[in-house]
1. List pairs: first in segment 220-237 and of a type in the set (F, W, Y), second within 11 Å of the ligand (Cβ to nearest atom) and not in a loop (DSSP other than H, G, I, E, B), Cβ under 6 Å, 6+ apart or cross-chain?
2. Here is a check on your reading of the model: is C216 in the same structural domain as K102 (by TED's automatic domain parsing), outside any helix (DSSP H, G or I) and of a type outside the set (K, R)?
3. Looking at N99, N49, can you tell me which residue is under 20 Å from the mean Cα position of the chain (by Cα) and modelled with pLDDT under 85?
4. C174 versus (1) crowded, with 20+ Cβ neighbours inside 10 Å; (2) modelled with pLDDT under 80: which is the lone unmet condition?
5. Please specify each residue of segment 210-250 satisfying the condition of being more than 16 Å from the ligand (Cβ to nearest atom), farther than 17 Å from E281 by Cα and surrounded by 14 or more Cβ atoms within 10 Å (Cβ to Cβ).
6. Out of the residues in segment 189-209 that are within 16 Å of the ligand (Cβ to nearest atom) and aliphatic (A, V, I, L, M), state the one that is farthest from the chain's Cα centre (by Cα).
7. Looking at this structure, is H186 more than 13 Å from the ligand (Cβ to nearest atom), free of Cβ contacts under 8 Å to residues at least 12 places away in the same chain and not polar (S, T, N, Q)?
Amino acid sequence: MRDYKYIVEISRENKKLIGKLYNKKKGINSPETYTFCPTNLLCDLTIMNKNHYFKNDKNLQNMGYKTEYAFGKPIHIDKTENLYYYYPLAELIKDSILNNKKISIEELERIKLFFNINLNYSISLKENNPLYEKLNGKKDIKEFTYIPLEYGHCNINKIFEDNKTKSYKYIYKCDTLTEVIFSILHYLIINKYNKVRRCNHCEKLYFYQHSNSEFCNRKTPIKEYEHLECKQAVKNIKQLCKRRNKIIDEKIDNEYYHNLKKYRASWKKYKEIVNKEPTVEHLRQLATLTSKKYVKKHFYIDEN
Ligand SMILES: [Zn+2]
């Protein structure tokens, strides 16, 4: 049996996906464990960002790049094991993302053969521990346990259909970064995260499953909201602007009535733009319109 270096763990809990990449020897609790979002990661590969890749690895333009930045912390791509496969695989993924070419399960199989990928994975479903109720308090016992699905005797797809809402965990054993990247692609394709779109807020690309998906799971780039994911940040900023609008509208109505029509027209215009496309720029415009400084200068003014 081949030895392996990395473990990729992708878990889904309460509909949220979490990816972890760690060194087998160091374990999952090591400070070197990388936590990532599987639906964003392939769209964030260093190769997707031309400037980044030229800036950092100038001399390697023709051979690929030496460092992968997509995991949040840089990972060195080892020359002996990875250079030949990592770069063309990343390029292939880039091509499929940018040209919106869907990768089928059959194609996944072809890619696996072509890049000589050793695919070694297991799936576990999260189940209640039947002994928990009985032994809780008496023994140090976990409430849940992950039970691996057994291969060979049943259809994996069927099991998933029957357990749609259950939490689960995929564990991939990988020897190279090429296999790490392939594993993430494998997870996405077999779980039907096989379409790519731009987030309505941060405008970055991500893989999605359902056609009603509008936002990615990245954190917003807007300062003061950086702790929130795109969807929540949009919601909060819209609410803030609405609250401000109510106060401003009332004040103009009472004290600067001659400016009311003008203000309401601006509010309507920018609000509609935000409702349609809540991008960073559009939210900024709405926030500026409803800022103290702006209304003082443009609307809280007497007739001359
Ligand atoms: Zn986003």
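The values are calculated or read from the model by the stated rules, or taken from the named source; none is laboratory data. Since we're looking at a predicted model, the values are computed, not measured. For neighbour counting, all protein chains shown are included, and Cβ atoms are generated from backbone atoms with ideal geometry for every residue, glycine included.
1. Y225/A233
2. no
3. Numbers: N99 fails: modelled with pLDDT under 85.
Selected residue: N49, the only one of N99, N49 that is under 20 Å from the mean Cα position of the chain (by Cα) and modelled with pLDDT under 85.
4. So the condition that C174 fails would be (2).
5. Across segment 210-250, the qualifying residues are R244, N245, I248, D249.
6. Filtering first and then ranking leaves V196.
7. Details: more than 13 Å from the ligand (Cβ to nearest atom): yes; free of Cβ contacts under 8 Å to residues at least 12 places away in the same chain: no; not polar (S, T, N, Q): yes.
No.
Yes or no, residue by residue, for (1) in the same structural domain as I97 (by TED's automatic domain parsing); (2) closer than 20 Å to D175 by Cβ; (3) touching a helix residue (DSSP H, G or I) at 6+ places or on another chain (Cβ under 6 Å); (4) modelled with pLDDT of 95 or more:
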residue: I28; (1), (2), (3), (4): yes, yes, no, no
residue: C37; (1), (2), (3), (4): yes, no, no, yes
residue: Q61; (1), (2), (3), (4): yes, no, no, no
residue: G64; (1), (2), (3), (4): yes, yes, yes, no
